[in-house]
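Each remark here refers to the structure printed beneath this line.
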Amino acid sequence: MNATYLVTEIRRNFRAPRFLIFVVAFPVLMFLLQANVFTKSSDPDHVQIAAVIMINMMTFGAFAAATNSGARLALERAAGWQRQLRLTPLTGTGYLAGKGISGLLVGLPALILVPVLAVAVEGVHLDAAGWVRIFAGVWLGTIPLVLLGLLLGQFGTPDSMQPVNMIVTLGMGFLGGLWIPIESMPGWMHDVAQLMPTYWVLQLARPAVTTDMVVSLPHAVAVLAGWTVVLGALVIRRYRKDSARV
């Protein structure tokens, strides 16, 4: 993978106002809103609920960053940029790896800012092990979501990617427990939530703040590993199919 290409990808993301609003500002604002809608500061379990919402919005920010990388891939396909890159020393593996890693790295602001506000404003306090589990769980758990974004970008067009990303991000977020606390879901909705990768990303981090509606770490890792293998295979297959057309 080319380090210069990776740095360029990251800079391109942070220069886009839409990215800064939807990926950085939106999760922060939604955390502050939901932390005062689903609970009050006077409630005895306020801090715990705020911590659960914090994890939800960290995951949403990372997910939004992941799908944004897919949107850029669609633009590059339409402009013929992918064909030009194939004439350079940058390999297909390096190109996809750069997209994937940048999709993970540009999600870091939400993973940092939301917890900072949770501590400063809502009084969330955890031990070091808890913070490590939340940060590492959400960040690494986003890998299949990055691959999903790349897959969408390989099928989508510049005109279709914005509505597609909105539908996928908000739809999977809603059904996967990012917008409605898992504890508040009716039984049928909880069953649907388990079909979403976002649900299992939450399950990597939730045990650090609650014992309600959680699964074992190996179970969550195994499900996300399955998503990663399947989506990764589809991304590679689609890229090779595009490459064969040149």
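Would you please name the residue that is surrounded by the fewest Cβ atoms within 10 Å (Cβ to Cβ), looking only at residues in the stretch 1-60 that are hydrophobic (A, V, I, L, M, F, W, C) and more than 20 Å from residue 173 (Cβ to Cβ)?
Applying the filter and picking the extreme gives 3.
Just one of 157, 91, 142 is of a type in the set (S, T, N, Q) and under 25 Å from residue 210 (Cβ atoms); which is it?
Step by step, each of 157, 91, 142 is checked, and only 142 is of a type in the set (S, T, N, Q) and under 25 Å from residue 210 (Cβ atoms).
Name the residue, out of 207, 197, 218, that is open to solvent by 70 Å² or more (accessible area, probe 1.4 Å) and either closer than 19 Å to residue 62 by Cα or at pLDDT 90 or above (or both).
218
Condition (residue is among the hydroxyl-bearing types (Ser, Thr, Tyr) and surrounded by fewer than 22 Cβ atoms within 10 Å (Cβ to Cβ)) applied to the stretch 136-145: is it met by at least one residue?
no
Can you name the condition, by its number, that residue 129 falls short on among (1) more than 17 Å from the chain's Cα centre (by Cα); (2) surrounded by 13 or more Cβ atoms within 10 Å (Cβ to Cβ)?
Residue 129 satisfies every listed condition except (2).
Residue 93 passes all but one of (1) in contact with a helix residue (DSSP H, G or I) (Cβ under 6 Å, 6 or more places away or on another chain); (2) assigned to a helix (DSSP H, G or I); (3) hydroxyl-bearing (Ser, Thr, Tyr); which number fails?
Failed condition: (1).
Which one of 180, 167 is open to solvent by 10 Å² or more (accessible area, probe 1.4 Å) and more than 30 Å from residue 125 (Cα to Cα)?
Exactly one of 180, 167 is open to solvent by 10 Å² or more (accessible area, probe 1.4 Å) and more than 30 Å from residue 125 (Cα to Cα), namely 167.
Looking at residue 180 and the list (1) touching a residue at least 60 places away in the same chain (Cβ under 8 Å); (2) part of a loop (DSSP other than H, G, I, E, B); (3) not basic (Lys, Arg), which single condition is not satisfied?
Condition not satisfied by residue 180: (1).
The values are calculated or read from the model by the stated rules, or taken from the named source; none is laboratory data. Nothing here was measured: the structure is a model prediction, and the numbers come from that model. Every residue, glycine among them, receives a Cβ derived from its backbone with ideal geometry; neighbour counts consider all protein chains shown. Ligands, DNA and RNA are stripped out before the accessible areas are found, and what is left, the full protein with its side chains, is counted by its heavy atoms. Shrake-Rupley method; radii C 1.70, N 1.55, O 1.52, S 1.80 Å.
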